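One structure is given here, and the rest of the page talks about it.
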Amino acid sequence: MYSDKVIEHFRNPRNMGKIEDADGVGEVGNPVCGDLMKIYIKVKDGKIEDVKFETFGCAAAIATSSMVTELAKGKSIEEAMKIGRDDVARELDGLPPIKMHCSNLASDGLKEAIKDYLSKRGRE
Amino acid sequence: MRVYLDHAATTPVDEKVLEEMLPYFTKKYGNASSLHSFGREARDAIERSRERVAELIGAESEEIIFTAGGTESDNIAIKGIAFRKGKGHIITSQIEHPAVMATCQHLEKKGFDVTYLPVDKYGMVSPEDVENAIRDDTILITIMHANNEIGTVEPIEEIAKIARENEIVFHTDAVQSVGKIPVNVKRIGMDMLSISAHKIYGPKGVGALYIKKGTKIEAIIHGGGHEKGLRPSTENVPGIVGLGKACELAEKRMEEDMKRMQRLRDKLIKSVLEIEESYLNGHPEKRLPNNAHFRFAAVEGESLILSLDDKGIAGSTGSACSSKKLKPSHVLMAIGLNEVQAHGSLRLTLGRENTEEEIDYVIEVLPPILEKLRAMSPLWKR
């Protein structure tokens, strides 16, 4: 059902955890549906210096969270904003069709985290 | 280590069952309807199996028909009554296997009325509720004997008594209970009862339906008149032989097997419940001796099943994320769990071949898996 890459990221998730002094936090999903993700970012000189995730959900939810943190790390804010659901799924060698909508939320979480960062910065 | 703890899903075919089946593929391959010796040896084998099935559940052999499995038995029984009566009211529960539930839902679309009785937090149907649901036009009560997910054993003896007093046909899906706990159709007072072979170390694709003498149902499949015209089709002789042998073995081994399984199951439950925020689903005592069903806070079931699978352990979950329809288990909803709670469910069902060493291995491996999943879960308290 899952690609080897999904299983690999599920088994060994990258960048798992929380950033205590994050510059932006994005939360997406709904535990009722079985997926809840929190993405934390640390920004320096317009670049995503560090990114971590916490996820409650299925293997697809965990793997997409892990993948989006890998894709985002080191990218500029502008580039990171462009990472979409399809990019995440493609990098994972695809997702089961049924999981494309419900569990592939990680890129939305990243966007929320960036928006949170931008709105906080705007207030400073 | 590979540990199979999904015996409620299916069981391996017992070597002795396979051995008895094999000649019926290549040597004794006759059509049981044929008059020649090839046909007769197949016919004899079928009738011997019929006796063995009847023996296990305390029925007469002429009260057993062979089917293609539990789902088909349920369909023949439920639709058989419904079609014979033409209209009316059916009483069932909210925790039935899809073989019963979807059949009742279909009959609802065809104009029958169906009452889906609620259950308590342990998954128990109340006989009083059954009695109160009875109407003048009630034609059938169908309540499962033991639940396939949480293992709760229903009070079918009391329900059977109520059905009898009200002269309503009573059917039970006993796919999970037969071979695990004593089932005697005469003592319970059943009218119809469904059995499946592959849950009791027999082959897949074969089952049986007990129909009490005098219970009249209409055929839902039409053809050459096999199995009293209720399940026409050239008999699956090897499968039927396998079911017969599986029943014979179950009868011989049940008491000892179940005592052993229950001891291991209780050890598993006791250890797992020591894990923080872990809960047992289903009835604490009135449950199948091989069933353990847990719920863990802040963990999603599919992730849990795949993590256990990585360690060689096979279990199952009622989480929506693992279902084809992305809907949480209707059984877990019926016992009052919410969607989030249902996500964290794990069913482990033991079988004959499980050893103490295997259970100890599960007890050792499960806590760090939960720890890892909880460490990455935003729902887990810090």
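The values are calculated or read from the model by the stated rules, or taken from the named source; none is laboratory data. A quick note: this is a predicted structure, and the numbers were derived from the prediction, not measured. Neighbour counts run over all protein chains shown; Cβ positions are idealised from the backbone, glycine included. Side chains included, ligands, DNA and RNA excluded: accessible areas come from the protein's heavy atoms. Shrake-Rupley method; radii C 1.70, N 1.55, O 1.52, S 1.80 Å.
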**Filtered residues of segment A:49-68 (kept if more than 8 Å from chain B (Cβ to nearest Cβ) and either without any contact (Cβ under 8 Å) to a residue 40 or more places away in the chain or on the phi > 0 side of the Ramachandran plot (or both))** = A:Glu49, A:Asp50, A:Lys52
**Message:** Being more than 30 Å from B:Lys16 (Cα to Cα) and in contact with a Lys or Arg (Cβ under 8 Å, 6 or more places away or on another chain) is true for just one of B:Ala375, B:Ala334, B:Ala292, B:Ala320. Which residue is that?
**Reply:** B:Ala320
**Asked** B:Gln105 fails exactly one of the following numbered conditions: (1) open to solvent by less than 30 Å² (accessible area, probe 1.4 Å); (2) under 20 Å from B:Ser194 (Cβ atoms). What is the number of that condition?
**Response** (1)
**Message:** Restricting to segment A:73-97, and then to whatever is open to solvent by 70 Å² or more (accessible area, probe 1.4 Å) and not in a loop (DSSP other than H, G, I, E, B), can you tell me which residue is nearest to the other protein chains (Cβ to nearest Cβ)?
**Reply:** A:Pro97
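For (1) under 23 Å from the mean Cα position of the chain (by Cα); (2) in a helix (DSSP H, G or I), each residue gets a yes or a no:
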| site | (1), (2) |
| --- | --- |
| B:Ile220 | yes, no |
| B:Gly224 | no, no |
| B:Ser233 | no, no |
| B:Ile240 | yes, yes |
| B:Lys245 | yes, yes |
| B:Glu251 | yes, yes |
| B:Lys259 | yes, yes |
| B:Lys267 | no, yes |
| B:Ile275 | no, no |
**Test: A:Gly29 is within 24 Å of B:Leu306 (Cβ to Cβ), among the small types (Gly, Ala, Ser), without any contact (Cβ under 8 Å) to a residue 40 or more places away in the chain and surrounded by fewer than 24 Cβ atoms within 10 Å (Cβ to Cβ)** = no
**Request:** Specify which of the listed residues (B:Ile65, B:Ile57, B:Ile90) is open to solvent by less than 10 Å² (accessible area, probe 1.4 Å), over 15 Å from B:Thr172 (Cβ atoms) and in contact (Cβ under 8 Å) with a residue 40 or more places away in the chain.
**Result:** B:Ile65
**Request:** Show the residue pairs that are 6+ apart or on different chains and have beta-carbon atoms under 6 Å apart, the first residue being within segment B:189-206 and closer than 23 Å to B:Glu60 by Cβ, the second being of a type in the set (Lys, Arg) and open to solvent by 20 Å² or more (accessible area, probe 1.4 Å).
**Result:** B:Gly189/B:Arg164; B:Asp191/B:Lys212
**Request:** Select from segment B:156-177 the residues that are in contact (Cβ under 8 Å) with a residue 40 or more places away in the chain and not aliphatic (A, V, I, L, M) and write down the one among them that is surrounded by the fewest Cβ atoms within 10 Å (Cβ to Cβ).
**Result:** B:Ser177
**Message:** Quick check on this structure: which one of B:Gly223, B:Gly202 is farther than 21 Å from B:Val331 by Cα and surrounded by fewer than 16 Cβ atoms within 10 Å (Cβ to Cβ)?
**Reply:** B:Gly223
**Fill in**
A:Lys38 fails exactly one of (1) facing chain B (nearest Cβ under 7 Å); (2) without any contact (Cβ under 8 Å) to a residue 40 or more places away in the chain; (3) among the basic types (Lys, Arg); (4) farther than 16 Å from B:Ile369 by Cα, namely (2)
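So which residues in segment B:120-151 are open to solvent by 20 Å² or more (accessible area, probe 1.4 Å) and either modelled with pLDDT under 95 or of a type outside the set (D, E, K, R) (or both)? Working first, answer last.
Initially, segment B:120-151 is screened for residues open to solvent by 20 Å² or more (accessible area, probe 1.4 Å), giving B:120-122, B:124, B:126-129, B:131-132, B:134-137, B:148-149.
Across segment B:120-151, the qualifying residues are B:Tyr122, B:Met124, B:Ser126, B:Pro127, B:Asn132, B:Ile134, B:Asn148.
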**Asked** For segment B:153-168, does any single residue satisfy the condition of being out of contact with any His (no Cβ under 6 Å at 6 or more places or on another chain), in a strand (DSSP E or B) and hydrophobic (A, V, I, L, M, F, W, C)?
**Response** yes
**Prompt:** Does A:Ala22 qualify as being over 11 Å from the mean Cα position of the chain (by Cα), closer than 24 Å to B:Ser329 by Cβ, within 14 Å of another protein chain (Cβ to nearest Cβ) and of a type in the set (A, V, I, L, M, F, W, C)?
**Reply:** no
**Request:** Quick one: B:Leu22 ticks every box in (1) exposed (fewer than 15 other Cβ atoms within 10 Å of the Cβ); (2) free of Cβ contacts under 8 Å to residues at least 24 places away in the same chain except a single one, so which number is it?
**Result:** (2)
**Complete:** Given (1) in contact with a Gly (Cβ under 8 Å, 6 or more places away or on another chain); (2) open to solvent by 10 Å² or more (accessible area, probe 1.4 Å), B:Gly111 misses just (1)
**Asked** Taking segment B:25-54 only, how many residues are open to solvent by 40 Å² or more (accessible area, probe 1.4 Å) and part of a helix (DSSP H, G or I)?
**Response** 12
**Request:** Give segment B:266-276 a look and list any residue that's farther than 13 Å from B:Arg374 by Cα and open to solvent by 30 Å² or more (accessible area, probe 1.4 Å), or say none.
**Result:** B:Asp266, B:Lys267, B:Lys270, B:Ser271, B:Leu273, B:Glu274
